[in-house]
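A short write-up of the structure that comes next.
Every read-out reported here was derived from the displayed coordinates using simple, explicitly stated rules and does not represent laboratory data. Everything numeric in this text was worked out from a predicted model, so none of it was measured. Cβ atoms come from the backbone with ideal geometry, glycine included; neighbour counts cover every protein chain shown.
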Amino acid sequence: ADVDGDGDLDAVVGEDYGNLNYLENTGSATAPSYVQQTGTNNPFDGINLGSVSTPTFADVDGDGDLDAVVGEDYGNLNYLENDPVVTADPAFTTDEDTSFTTGNVLTNDSDADGDTLTVDSIDTTGTLGTVTDNGDGTFNYDPNGQFESLNDGETATDTFSYTVSDGNGGTDTATVTVTINGVTDNTAPVAVDDTATTDEDVAVSIDVLDNDTDVDSDPLSIDSFTPATNGTVTLDDNGTPGDTTDDLLVYTPDSDFNGSDSFTYTTTDGTLTDTATVNITVDPVNDAPVAVDDTATTNEDTATTGNVLTNDTDVNGDILTVTEVDGVAGNVGTQITLTSGALLTLNADGSYSYDPNGQFESLNDGDKATDSFSYTISDGTLTDTATVNVTIDGLDEPLNLVGTNQKDTLIGGASNDTISGGNGADELFGGGGDDILGGKGKDKGPDILNGGTGNDTLTGGNGPDVFVFAEGDGTDTITDFSTPDVIGLTGGLSFADLSFSGSDIIVTSTSEVLATLTGVDATTLTSSDFTTV
């Protein structure tokens, strides 16, 4: 062996008792010249091998291992080769989600020399899982989530290598193979937030499942959803009631709402769920104004006014104007004659004046008639039309009744009537209103004058007249009371119920003045001046 490393083969010679002599080759490989080295020049000085020994000295066979040269008696040399470590490739099995600790990989490794073996190093180049050397021949292996795509029944392999040393320069390398079995995982789906935009008062369909995912490729469906704040959310089966994977959610904004709204939904893979938010933007639009029908009431002789815009609205707050009257733009702000003959002026600001214009004079008291006209309003872009309905109440016109020379009965109405008797013995009834009743100047009478309700003026004329009064009918004036005229009391009144002051006849209990007698001192009246009728 080349002991001194100079490239020449030296000699190791054994003696008795196992001592080794070292003879250095001071020549060449082809012409050796051996010189025995002693003391410190002999690397084996003082080593007694005995009859058998296995020390390591030199790599005699050039295999990279240091071999042993053992001396025996008579100078013979025994050459013992240093056998290499023998390793076997171990294999293990786990599933895609389970880490484990291997058994001792050195158990099936061997060393012919019986040296104690240890793991010198590991090589994880290309290894997908993670490997940890525990220092005792075992390793921790973790699939590290690298095999989640495996389905049940599928397998994959992962490998790493380790080098074993015998501590005396002997090494060997083995490969550990890990078989990974796939398992059926159920990872929760991932629901992703969605956005949608629509116009005011317009529903929008949203495919919320479109951007949701499931690592296991499970089919997804909508599990539930929450209400929106400013709209409603409904489920649409998309025309396939048997297939929930293509369902949609439909958002309908509340009437006239615009702005931002949101709701949440939950997606499911059949077992696990996830929740996301849908954010909605509702763009404003110009809503048409709302014109509301109007009513007005007047009588046949009285004009009335109002404003048609008072109860009209516009949700956008736009300023409203009247743009048409009875469908004609040119009628705005101009007095027009309606079909009824009444007069109307309706201005752009909504103010109007309605005049019956004498077209309803035929109505009696209690009668009614109706008239109408239409108008159109605008917010500057959109319009709406409504109708104004006018109710006209009839009135009794003041009457002027004149009797004949016969005995007449003249009855007034509800207005302020003028009733004049003729030369006969007439009965005059004023009715309602403040009436004027009078017998004719040459009338011989006797006339009966009953003013009715209201403050009436009674003139009997010639002859013995009767002036009739009832409590609560108002205060009448008698202009020509004189003997033999009498005052007729009706409605339960009697002379005893009366008192007198100046020209007035008074109902004592109520202080109501029944009548005033022009030019007569009422206190001079006696019961003979009264009668019950």
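The calculated FRET efficiency for the pair T98 and V202, based on their C-beta separation and a Förster distance of 41 Å, comes to about 0.15. Relative contact order of region 85-181, taken over Cα pairs closer than 8 Å and 6 or more residues apart, is 39 percent. Projected label points at T323 and T409, each 7 Å from Cα along the beta carbon direction, are separated by 6.5 nanometres.
Ranked highest first by average number of other Cβ atoms within 10 Å, how do 385-397, 466-478 line up? Display every interim value, and only then the final one.
Working: 385-397: 17.8, 466-478: 20.3.
Going from most to least packed, we get 466-478, 385-397.
Quick check: from the Cα gyration tensor, does region 85-181 come out rounded (a/c under 1.5), prolate or oblate? Intermediate values should be presented prior to the final figure.
Details: a/c = 2.72, a/b = 2.48, b/c = 1.10.
Prolate, because a/c is 1.5 or more and a/b exceeds b/c.
The simple spin-label model puts a point 7 Å past each Cα toward its Cβ; for E512 and A496 those points are separated by 2.0 nm.
Take the Cβ atoms of T523 and F257, set R0 to 60 Å, and the FRET efficiency comes out at 0.15. If you take the Cα centroid of region 282-317 and the Cα centroid of region 340-389, the two points sit 13 Å apart.
Scan around G488 for amide H atoms under 5 Å from its own, H built in the peptide plane at 1.01 Å from N, and keep only partners 5 or more places away or cross-chain. Here F467, V468, F469, T531 satisfy the definition.
The protection proxy used here, the mean number of other Cβ atoms lying within 10 Å of each residue, ranks peptides 301-310, 421-430 as follows, highest first: 421-430, 301-310. In this label model, E361 and T273 are separated by 8.2 nm, measuring between points 7 Å along each Cα→Cβ vector.
Mind checking the full-extension length gain between N311 and T125? Use 0.36 nm per residue of separation minus the Cα-Cα distance, one decimal, nm. Intermediate results must be reported in sequence, preceding the final value.
Details: separation 186, 0.36 × 186 = 66.96 nm, distance 8.47 nm.
That works out to 58.5 nm of additional length.
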